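Some notes on the structure that comes next.
The values are calculated or read from the model by the stated rules, or taken from the named source; none is laboratory data. Computed from a prediction, not measured in an experiment: that's the story for all the values here. Here the Cβ positions follow ideal geometry from the backbone for every residue, glycine too, while neighbour counts run over all protein chains shown. The area values use the complete protein model at the heavy-atom level, side chains included, leaving out ligands, DNA and RNA. Shrake-Rupley method; radii C 1.70, N 1.55, O 1.52, S 1.80 Å.
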Amino acid sequence: MMDTPAVPPRLGLVILALAVGSFAIGTTEFATMSLLPYFAASLGIDAPTAGHVISAYALGVVVGAPVLAVLGARLRRRTLLVLLMGLFAIGNALSAVAPTYHAMLAARFLSGLPHGAYFGIASLVASSLVPANRRTVAVGRVFLGLTFATIVGVPLANWLGQAVGWRWSFALVSLLALLTMTSVRLFAPDTPADPASSPLRELSALRRGQVWLTLGIGAVGFGGLFAVYTYLADTLAAVTHVPAATVPLVLSVFGVGLTAGNMVVPLYADRAIMRTAGLLLLWTAAVLALFPFMAGNVWLIMLAVFLIGLGGALATVLQTRLMDVAEDAQGLAAALNHSAFNTANALGPFLGGLAIAAGYGWTSTGWVGSLLAIAAMPLWLAAVTLQRRRATAIAAVAGSRAC
């Protein structure tokens with residue numbers, strides 16, 4: 001069953017508190033990539049080995065999202081959010097003081113565990129506080145913290161890493177997590193848990209084909225964005241021939257695109273959520289296909305990454321879609337959205353790397369990404385077809401009863 005919409009007296013503060021948590025998560029997820037050279041040198045490991053630290057976080061997300069969502073099924077959502085942020089704060093604090101490579105691996109895995117469950121539960125809380133026609137907008141506002149992190153949080157963490165040491169960047173994220181815990185405790189409504197909630201009921205989401213189709217759309221269709229973003233700095237150096245100082249600016253433009261997409265697209269998504277998802281896949285396929293032709297000029301590539309960033313609103317749209325199709329098992333389904341996107345984060349760069357290694361050049365990531373978006377279209381079509389068939393069957397049953 002869907003949560004009953006109820007507008008709290010301080011809705012803006014609730015959304016802001018939840019968005020601070022997503023800002024902290026976005027900062028640590030993306031900034032770790034830019035901090036890699038610093039902690040690699042400090043821990044006495046080479047860059048490829050240090051890359052396993054990033055993989056450990058992603059693995060934590062994939063594992064933690066379903067496990068913590070199921071284990072927390074009986075908890076009040078506010079309590080669960082505070083506990084998840086507490087675990088996140090501990091993981092990043094341990095990252096800040098990790099003395100060895102293996103300690104860092106463990107700390108990053110621990111940091112990733114609450115990622116998906118936090119976004120899933122935060123989305124459920126935000127959507128439950130507004131009317132049905134504003135749910136995607138509310139979820140999008142929570143996700144703004146994540147997108148804003150790519151504009152402000154990541155450059156700030158990178159600056160801290162250069163100025164006073166990489167450990168302070170993780171310490172900052174831990175402090176943000178503590179701030180989120182306090183804000184959520186103060187402002188989020190303390191609604192009681194559904195007495196019918198249970199781990200078994202949450203697991204029932206996995207029996208629904210629409211849940212798997214929606215997760216598949218995200219895991220495949222979102223891979224193209226990551227394929228381009230992962231190799232963007234190399235493309236700027238080798239193809240666009242911009243100075244190193246320009247790279248952060250272009251990366252920030254990407255973040256601006258993500259933020260703009262999450263502000264605008266949700267305004268229309270609640271009217272036709274699957275149509276919006278399909279249009280976003282087509283948009284992503286088109287702009288990624290144009291990327292190779294725009295990469296040679298700094299102004300054109302900035303436009304390209306902004307347009308690609310707009311397509312990132314697919315994450316918000318699919319988050320709401322999962323809450324629709326999961327019925328009474330929303331916690332697990334909403335959390336699994338981020339497992340799907342971390343799968344995309346692995347799939348896109350992997351296939352992009354294969355294309356580059358095969359000699360197709362740095363810009364071939366655009367073609368790879370475009371093909372991934374196109375490959376997600378059959379999954380989208382299957383989801384829409386099943387939805388229409390179900391609606392027709394329900395209408396037929398209702399008509400027969402009326403007769």
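With an 8 Å Cα cut-off and a minimum separation of 6 or more residues, compute the relative contact order for the chain in percent.
Result for the chain is 25 percent.
How large is the helix-only mean residue ellipticity at 222 nm for the chain, computed as the sum of -39500 (n - 2.57) over DSSP H runs with n ≥ 4, divided by its residue count, in deg cm²/dmol to the nearest 500?
That comes out to -26000 deg cm²/dmol.
When only C-alpha pairs under 8 Å and at least 6 residues apart count, what is the relative contact order of the range 247-403, in percent?
29
From the Cα gyration tensor of the chain, with a ≥ b ≥ c the square roots of its eigenvalues, which class applies: rounded if a/c is under 1.5, or else prolate if a/b is larger than b/c, or else oblate?
Here the chain falls in the oblate category.
What is the range 244-339's relative contact order, in percent, from Cα pairs under 8 angstrom and six or more apart in sequence?
Relative contact order for the range 244-339 comes out at 37 percent.
Can you classify the range 237-367 as rounded, prolate or oblate using the Cα gyration tensor, where a ≥ b ≥ c are the square roots of its eigenvalues, rounded means a/c under 1.5, and otherwise it's prolate if a/b beats b/c and oblate if not?
In terms of gyration-tensor shape, prolate.
Would you mind classifying the range 333-384 by shape? Square roots of the alpha carbon gyration tensor eigenvalues, ordered a ≥ b ≥ c; an a/c under 1.5 is rounded, otherwise it is prolate if a/b is larger than b/c and oblate if not.
oblate
Roughly how many percent of the accessible protein surface of the chain is carbon and sulfur, given a 1.4 Å probe and a whole-percent answer?
Summing carbon and sulfur atoms, their accessible area is 72 percent of the total for the chain.
Contour minus end-to-end for Ala382 and Asn297, with contour as 0.36 nm per residue of separation and end-to-end as the Cα-Cα distance?
Contour length minus the Cα-Cα distance gives 26.7 nm.
What accessible area per residue comes out for the range 20-97, rounded to a whole number of Å², with a 1.4 Å probe?
37
Per residue, how large is the accessible surface of the range 217-282? Use a 1.4 angstrom probe and give square angstrom.
With the other protein chains kept in place, the range 217-282 gives 38 Å² per residue.
What dipole magnitude, in Debye to the nearest 20, does the chain give about its Cα centre under +1 on Lys/Arg Cβ and -1 on Asp/Glu Cβ?
For this selection, approximately 960 debye.
For the peptides 355-368, 335-348, what is the packing order when you average, over each peptide's residues, the other Cβ atoms within 10 Å and list the highest mean first?
335-348, 355-368
What is the gain in length, in nm to one decimal, between Gln162 and Arg207 on full extension, counting 0.36 nm per residue of separation less the C-alpha to C-alpha distance?
11.4 nm
For the range 333-349, take each phi angle, set θ = phi - 60°, evaluate the Karplus expression 6.51 cos²θ - 1.76 cosθ + 1.60, and give the result in whole Hz per residue in order, putting x for glycine and proline.
Result, ordered by residue: 4, 5, 5, 5, 3, 7, 5, 4, 6, 6, 5, 4, 5, 8, 5, x, x Hz.
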